[in-house]
Amino acid sequence: MPNEKSSVLQDSGFDYSDITPIPLKTIDPNDLKTPALCDILYSDDYRELISLLRPLMKANEHSQRALYLTDMIIERIAGHYTVWSYRYNILETLSSKDKSNGSSELTNELAWCEEVALQNPKNYQIWHYRGLIIDLLLDRYPDQFDIEGEYKILKHMLNEDNKNYHVWSYRRLFVEKFDLFDKKEELQFVRDKINEDMRNNSAWNHLFFLKFGRYKLKLQKTVDDSVVSDEISFAKELISKAPTNPSSWNYLNGIYKILKKNIIELKSFVTQFTNLVYEDSVSVYAFELLAEIHVLEKDLEESKKVYELLAKTLDPVRVNYWEYKKAQLTVV
Amino acid sequence: MAPDTTDDDRDKKIAKLQFLIGLTNLQTSQQSKSKSKSKSKPKLDRFDSILEMLETSKPQIPQVEQETYPSRTINAQLQVEKNVIGIYENFLEKGSNNIPEIETLKHVQYVRFYLQNPLPVEMLGYDSLHTWTIYWLLNARCTLGGYDKISKVEKDAIIDKVFSFWMDETDAIGGFSGSDGEYQLPHIASSYAALLSLVIIIDDDNYKRIKKNLDVEKIHQWLLSLKQPDGSFFMHTNGETDVRAMYCALVIINLLGIKDEKLTENCIEWLVSCQNYEGGFGGDLMDEAHGGYAFCGLNALLLLIDTPKQLYDLIDVDSLISWMVKRQYGMEGGFSGRTNKLVDGCYSTWVGALSPLLEVVTGTEELINREKLQNYILCCCQDPGKFGGFKDKPTMRCDFYHTNYVSCGLSFCNSFHFIDEDIMKEDGLAFSFKAAKLDDDCPLGLVDPVFTVPIGAPLRFKKYMKRE
Ligand SMILES: [Zn+2]
């Protein structure tokens, strides 16, 4: 780097002077002839960081100064997957068992991940990366892994954004990896999430996973009757509180579908919501289920009536769909 | 035309008043009709359609629930409903002369500006999405009616640019990366976007050059190196596996004609297991059903099977349809990506493309409500000012991603799709989709619901790849 220019790395404490930078190409903002096709007018900072990172990647250097560079770049652009991958390779080397502080490299890395995650809640890479680091830790220093640490960061993230897709997905993998399906705290956490927001569909999905995941993943041949009846009661209870909430209806339906149970037994429950037509809380889901129950009862006429009611009055935005369902009846 | 302002104002007030007290607005709507004789038919239809939408749909969350069980979901939903209704009411008040139409010119300007000029440093985030930005802008330009207007100079520049992201990971494997410069990892989604850009611009003049540059065998070997025993694909070395990676890989495999048993092994089994209890697809086994993954999941299957009917043997088609139509919200007209989430313009493609696909599969004319989706796009996803581009929802800013997927969604609103049986037998189901416009005056291009590029382009590309 030229001496007169202040470097973004001058306070890094690392020496990069031996590296021959591979610079990014320069872009002429005044060139009007050729389409730029999304060339970016990079800042000098970014140019400097990338120009040093590339020779290090080329040389496969797995060092602290390389690690520091990846940190600086991810701070500027969290979606830079190549840098994430390189960072993982660096950590793989730095945490090897022959290193004196191998395990703390990994535990520090988990703490670093948390900071990045908090700043980039929508990022794709971070949670996958965290999973890779944990695998490394479990493989090399299993006694250093603190499961409570995972609970803490997950709780915080899902507090910030209670439907964060990547975080819930990570949580699912985490449960699977450590077989936490029956862990009390896990169940309590997800029930609390549902109770504080009955329309948090991500939480419902997670509950479904905890209760029926092992069955679906073929880790278990059956689901206990008591679990089934408890979950059906739970769904019914929440439907009664908020009859237009699709999350609880889908949960109830999902249980019947996955276990191939007969929905006719839901008839008396469903008709509570279809007999009483409140002004602003018509449960389209109840009517839809009722129509399906009529089909199973081979009462196509009744089913047709329900679909007509949905199409004309109760749910006109989906008129095409209800007409389609009605037309299907004659096919059956 | 300078209408009597006092009368006009009075009409507006009446309309507003009637609206607020929930009266049917038929009278007002007829008045507006007679007042604006010169207006074309679609405009009036849209006025009535918006009116009907507001009159017949109820807020999603009943008053009782709002009061008894307040929550984040309820707050967010109420806020969006309030914004959107405000916008619709505002347009209705202005009368049928002022119902927004697609402002093609403005959007084309937006897209061309960003294809031509370098991006400011604030857009640094795109440095891992270069091939995507090119595809988004290029495809949006085609959808907005510019498919046959791309010049040779532009095409040549695009070919140079796309191949500047070609990365040989080793001597044997390679693919396209998303970032500028050397030593970047090839990435399946970046490669998908790179290839789609080439699909859009390939022609008699440049196909030989594209073929010469495209190392199909290296891509083949690279995809094999990312393949997992359970059927899924890693997005890149040290990367994640999900339905997106599977869909993008299968698009690449089909376009390049490298489908073989090793690459497709267990794909169907893995995809089928990603359909979740709600009927949609999650990103991975037992993840929450999500519009983006539903698009990828269904299309990945269509890229693997031979006839649409085979779908019935693999997934629960009915529950997928049931889940899909529930993504449309009556008051807003747009789609949400998940149960109890907010509407967002980009789901006009992710969910909007599922409709023509499932209409073909079921042999049904129309499953979703195109008219209402169009209302949302035209009124809530375009900026009223002079700057183009599309966005997620009124409170957001336009970006490249939404500009592409909202314009594709708008095209789906104005078209229907069908299968060419001969092409299906000859070249496979995924290549056989054709489309026709619902309204001949619609300025938008037709879009392929599997590949999200101009209709016909994937088959043309495939044929060029076979040509000497
Ligand atoms: Zn969006």
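The values are calculated or read from the model by the stated rules, or taken from the named source; none is laboratory data. Because the structure is a prediction, the values reported are computed rather than measured. Virtual Cβ from ideal backbone geometry, glycine too; neighbours counted across all protein chains shown. In case anyone asks, the SASA skips ligands and DNA or RNA and just uses the protein heavy atoms, side chains included. Shrake-Rupley method; radii C 1.70, N 1.55, O 1.52, S 1.80 Å.
Taking helices (runs of 4 or more DSSP H) as the structural unit, those lying wholly within region B:380-468 and holding at least 3 residues that are surrounded by 15 or more Cβ atoms within 10 Å (Cβ to Cβ) and aliphatic (A, V, I, L, M) correspond to B:457-466.
Six or more apart or on different chains, Cβ under 9 Å: which pairs go from a residue in region A:138-151 that's of a type outside the set (V, I, T) to one that's open to solvent by less than 80 Å² (accessible area, probe 1.4 Å) and part of a loop (DSSP other than H, G, I, E, B)? Could you list them? Taking only residues 6 or more apart or on different chains, the pairs are A:L138/A:F145; A:R140/A:S95; A:R140/A:S96; A:Y141/A:S95.
Inside region B:316-336, residues that are more than 9 Å from chain A (Cβ to nearest Cβ) and either more than 20 Å from A:Y307 (Cα to Cα) or not in a helix (DSSP H, G or I) (or both) make up a count of 5. Within region B:116-134, no residue that is more than 7 Å from every other protein chain (Cβ to nearest Cβ) and closer than 15 Å to A:T82 by Cα sits with its Cβ atom under 6 Å from a residue that is among the polar types (S, T, N, Q) and in a loop (DSSP other than H, G, I, E, B) at 6+ positions apart or across chains. For region B:155-183, a residue qualifies if it is facing another protein chain (nearest Cβ under 7 Å), modelled with pLDDT of 95 or more and open to solvent by 10 Å² or more (accessible area, probe 1.4 Å), and the qualifying residues are B:A157, B:K161.
What's the number of the only condition in (1) away from the ligand (no atom under 16 Å from the Cβ); (2) buried (at least 23 other Cβ atoms within 10 Å of the Cβ); (3) at negative phi that B:N340 fails to meet? Every listed condition holds for B:N340 apart from (3). Where helices (runs of 4 or more DSSP H) fall wholly inside region B:1-103, the ranges with 2 or more residues that are at pLDDT below 80, farther than 26 Å from B:K391 by Cα and open to solvent by 30 Å² or more (accessible area, probe 1.4 Å) are B:5-20, B:26-35. Of the residues making up region A:109-129, those that are surrounded by fewer than 21 Cβ atoms within 10 Å (Cβ to Cβ) and charged (D, E, K, R) are A:E114, A:E115, A:K122.
Taking the conditions exactly as written (away from the ligand (no atom under 16 Å from the Cβ) and within 14 Å of chain A (Cβ to nearest Cβ)), does B:L358 satisfy them or not? So B:L358 fits the description; yes. Filtering region A:102-125 for residues that are within 14 Å of another protein chain (Cβ to nearest Cβ), farther than 23 Å from A:F145 by Cβ and modelled with pLDDT of 95 or more leaves an empty set. Kindly indicate whether A:R171 is crowded, with 22+ Cβ neighbours inside 10 Å and outside any helix (DSSP H, G or I). Considered against the rule, which asks whether it is crowded, with 22+ Cβ neighbours inside 10 Å and outside any helix (DSSP H, G or I), A:R171 comes out as no. You will find that of A:L259, A:L276, the residue that is open to solvent by 30 Å² or more (accessible area, probe 1.4 Å) and at pLDDT below 95 is A:L276 and no other. Criterion applied to B:G352, B:G330, B:G291 was being touching a residue at least 60 places away in the same chain (Cβ under 8 Å), farther than 24 Å from B:T241 by Cβ and touching a Phe, Trp or Tyr at 6+ places or on another chain (Cβ under 6 Å), and the one residue passing it is B:G352. Residues in region A:186-224 that are in a loop (DSSP other than H, G, I, E, B) and open to solvent by 10 Å² or more (accessible area, probe 1.4 Å): A:M198, A:L217, A:K218, A:L219, A:Q220, A:K221, A:T222, A:V223, A:D224.
Tally up the residues in region B:379-432 that are more than 15 Å from B:Y110 (Cβ to Cβ), away from the ligand (no atom under 16 Å from the Cβ) and free of Cβ contacts under 8 Å to residues at least 60 places away in the same chain, please. Residues meeting the conditions: 11.
Counting residues that are closer than 27 Å to A:I22 by Cβ and in contact with a strand residue (DSSP E or B) (Cβ under 6 Å, 6 or more places away or on another chain), which helices (runs of 4 or more DSSP H) fully inside region B:148-239 reach at least 2? Working first, answer last.
On the way: elements: B:152-163, B:188-201, B:207-213, B:216-226.
Passing ranges, in order: B:188-201, B:216-226.
For region B:365-375, the criterion of being buried (at least 20 other Cβ atoms within 10 Å of the Cβ) and within 16 Å of the ligand (Cβ to nearest atom) is met by at least one residue.
Results for (1) more than 9 Å from chain B (Cβ to nearest Cβ); (2) in a loop (DSSP other than H, G, I, E, B); (3) not acidic (D, E), shown as yes or no for each residue.
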site: A:S6; (1), (2), (3): yes, yes, yes
site: A:S12; (1), (2), (3): yes, yes, yes
site: A:I22; (1), (2), (3): no, yes, yes
site: A:D28; (1), (2), (3): no, yes, no
site: A:R54; (1), (2), (3): no, no, yes
site: A:R65; (1), (2), (3): yes, no, yes
site: A:Y68; (1), (2), (3): yes, no, yes
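Here A:V227, A:V270, A:V306 are screened, and the one residue that is surrounded by fewer than 20 Cβ atoms within 10 Å (Cβ to Cβ) and away from every other protein chain (no Cβ under 13 Å) is A:V227.
Criterion first (among the hydroxyl-bearing types (S, T, Y), more than 14 Å from every other protein chain (Cβ to nearest Cβ), within 23 Å of B:V325 (Cβ to Cβ) and within 16 Å of the ligand (Cβ to nearest atom)) does B:T452 satisfy it? Spell out the reasoning first.
On the way: among the hydroxyl-bearing types (S, T, Y): yes; more than 14 Å from every other protein chain (Cβ to nearest Cβ): yes; within 23 Å of B:V325 (Cβ to Cβ): yes; within 16 Å of the ligand (Cβ to nearest atom): yes.
Taking the combined requirement at face value, the residue satisfies it.
The residues in region B:323-337 that are away from the ligand (no atom under 16 Å from the Cβ) and under 22 Å from A:Y165 (Cα atoms) can be counted, and the count is 4.
Among the residues of region A:230-248, the ones that are open to solvent by 40 Å² or more (accessible area, probe 1.4 Å) and within 11 Å of chain B (Cβ to nearest Cβ) come to 1 in all. Beta carbons closer than 7 Å, at least 6 apart along the sequence or on distinct chains, pair a first residue in region A:174-194 that is under 27 Å from A:L136 (Cα atoms) and in contact (Cβ under 8 Å) with a residue 12 or more places away in the chain with a second that is assigned to a helix (DSSP H, G or I) and hydrophobic (A, V, I, L, M, F, W, C) for A:V175/A:L210; A:F178/A:I147; A:F181/A:V175; A:F181/A:L210; A:E186/A:V175; A:E186/A:L210. Please determine whether any residue of region A:16-39 is buried (at least 16 other Cβ atoms within 10 Å of the Cβ) and within 30 Å of the chain's Cα centre (by Cα). Yes, the conditions are met somewhere in region A:16-39. Scan region B:270-283 and tell me whether some residue there is open to solvent by less than 20 Å² (accessible area, probe 1.4 Å) and assigned to a helix (DSSP H, G or I). Yes, the conditions are met somewhere in region B:270-283. For A:S95, the conditions (1) surrounded by 18 or more Cβ atoms within 10 Å (Cβ to Cβ); (2) without any contact (Cβ under 8 Å) to a residue 40 or more places away in the chain are fulfilled apart from (2).
For region B:289-311, the condition of being within 16 Å of the ligand (Cβ to nearest atom), assigned to a loop (DSSP other than H, G, I, E, B) and either within 28 Å of A:T313 (Cβ to Cβ) or more than 20 Å from the chain's Cα centre (by Cα) (or both) holds for none of the residues.
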